[in-house]
Each structure stands twice: as C-alpha cells, then as structure tokens.
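For reference, the structure is listed below as structure tokens.
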Amino acid sequence: MSTLFDVPGPVARRRMVWVNIAATIVVVGIAVWVLLRLNAKGQLDAALWKPFLTASPWVDYLIPGLVETLKAAGISIVTAAVFGFVFGLGRLSPSRAVRGVSGTIVEFFRAVPVLLMMIFFYLGLGKLQILDPSDVPLVAVVLGLTFYNGSVFAELVRSGVHGLPRGQREAALAVGLRGGQSLRLVEVPQALIAMLPAIASQLVVILKDTALGLIVTYPELLDAARRFGSGNGNILQALVVAALVFIVINYALTRLADQLAGRVGKRTAGKPRTEAPSLVVATGKD
C-alpha cells in the first residue's frame, strides 16, 4: 500500500509533540490576553450578558432568526443534492458532450464565491421584479448555496464512483443491467455511502454559509443577533451567543451524520463466514 508521506520516526514524533505543546500555549495565551482586554473594556460585565437569560431576545430575535437560518439551509440542502446528483451523473455520462457541459457548469460554480452569487441573484432578481420583494433575499441565498454546494456534491459523486473497487460495473452488466442502470442503482449508492463523511461536512458548510445572507438583508440568525445587539448596546455579546448556537447545531449535525454513516456501514458490511458450507454428495446403489 503506497502512502503520500513517510511515517514519522521517533525524533519526528517528539518534535510534533513539542510543536503541539507550543501551539497550545500560544493559543491559550492569546485567548487569555483577549479576555483580559475585553474585561478591561467592560465587555465581560454581567449586565451585558444578563438580557440573554430572559425570554425577550430569544422570542423576538434569536429564535425567529434561527428558523430563517434552518429554512434557508434546509431548502438549499435539498436543491443542492438534486443539482449534485444530476450533474454528478452528467460528469459520468458516456457522452462526451454531456460530460463536457456538466463539467463546465460544475467547475464554473465551484470557482465563483458564494457571496458573489448571492449578491448577483439579489440584485438581478430585484431588477427583474419577478418575485415579491420580501422573497428576494431568501431566493438569492438559496440559489447561491445551491449552485456552489451542488457543484461540490457533483464532484463528490464523480470522485466517489471513480474510487469504487474495480468490477462493480462489470458485475452489474453481467446480471443484465445497462450502463445507466449500473450507474444509478449500483455505483452511485455505494459512492454516496463511502462519501457520507464528506457530505456531512458539506451540510455543515451550507448551514454556516447561510450567515452570508446578512449581506443581502436576509433575516437569519446572525442578522437577528446584530439587530438585537445594536439596539441594546451589547452587539459583541449577541454575536457570541449566535456563534454558540451555530456551534451547537453544527456539532449535533456532525454527530447525527457520523451515527448515520456508522449504521449504514454496519448494514452494508459483509459478515464473515464462520463455517465452511457442507457438501451433499449423492450416492446411488445398484
């Protein structure tokens, strides 16, 4: 089995340990320095944090903002998955033209920053006036997240299929499936199972990138925290609380994806044979 790097020896491992210790000391030192500076500025005063122990900021700002965040993320996950599946299959098509068009579209949207796409759709849809003005921010956020993350999903499908062990397609063709059926029914499902950790990471990216909707006036969680903090003089504290909410949700999403991947892996793993199959030999007597 080939590796991309040499296994570190005893000296290299000791060096890595010392580097990790030094990095930890530096990070802890910076964190302590930041906390001391915030305390000197009065940003750690209990009065600035106390409002978040009441229901008002949660009911009026944070929870509605969280609902908008989850709505944009949920819609984007579904649409990005469809986009990724379609163009992932397109990149695996036997037709050179389909592969070329699909590859061009995927690479284009992977190269364009998500925020730039959101701003483009926000301004473009506003100029076209084909939607209710209140719906334009949500649609702009969803389109930006869909095209970028859908392109990432498409690449995951392509690389996952190419990473399968040899013989999958040949086995499917041997039992009578056509090339397209082999791709949809055999190869892509196996590739998706293998790529579940990467897919879960991308779901977290989608959820976090909804915060970019702040730029196009979408009332998501970060925007709600900013509005509450601006009106109450504790914007730093409001942003910290919003960050903690994001961390909790992303951690829960990651754990859920890990459990799902584990269960799927157990169901699809073959069980070793514990005993040899018995042979029945028929004997005849004259």
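Each reported figure results from applying straightforward, stated rules to the coordinates on display, with no laboratory input. The model shown is predicted, which means the values in this text are computed figures rather than measured ones. Here the Cβ positions follow ideal geometry from the backbone for every residue, glycine too, while neighbour counts run over all protein chains shown.
Tally Lys and Arg at +1 and Asp and Glu at -1 over the other residues with C-beta under 12 Å from the C-beta of MET117: what net charge comes out?
Working: positive: ARG110; negative: ASP209.
Around MET117, the charge tally is 0.
So for the chain, considering every pair of alpha-carbon atoms, how many percent are separated by more than 30 Å?
Numbers: 22056 of 40755 pairs.
Distances greater than 30 Å cover 54 percent of the Cα pairs.
Work out Dmax and Rg for region 103-159 from the C-alpha atoms and quote the Rg first, both in angstrom.
12.6, 40
Roughly how many Å is it from the Cα centre of region 42-84 to that of region 8-35, as a whole number?
When both Cα centres are located, 34 Å separates them.
Could you give the radius of gyration (one decimal) and Dmax (whole number) of the Cα atoms in region 50-149, in Å?
Values for region 50-149 (Cα only, Rg and Dmax): 17.8, 63 Å.
When all alpha-carbon pairs of region 159-257 are counted, what percent fall beyond 19 Å?
Working: 2911 of 4851 pairs.
Counting pairs separated by more than 19 Å, the tail of P(r) holds 60 percent.
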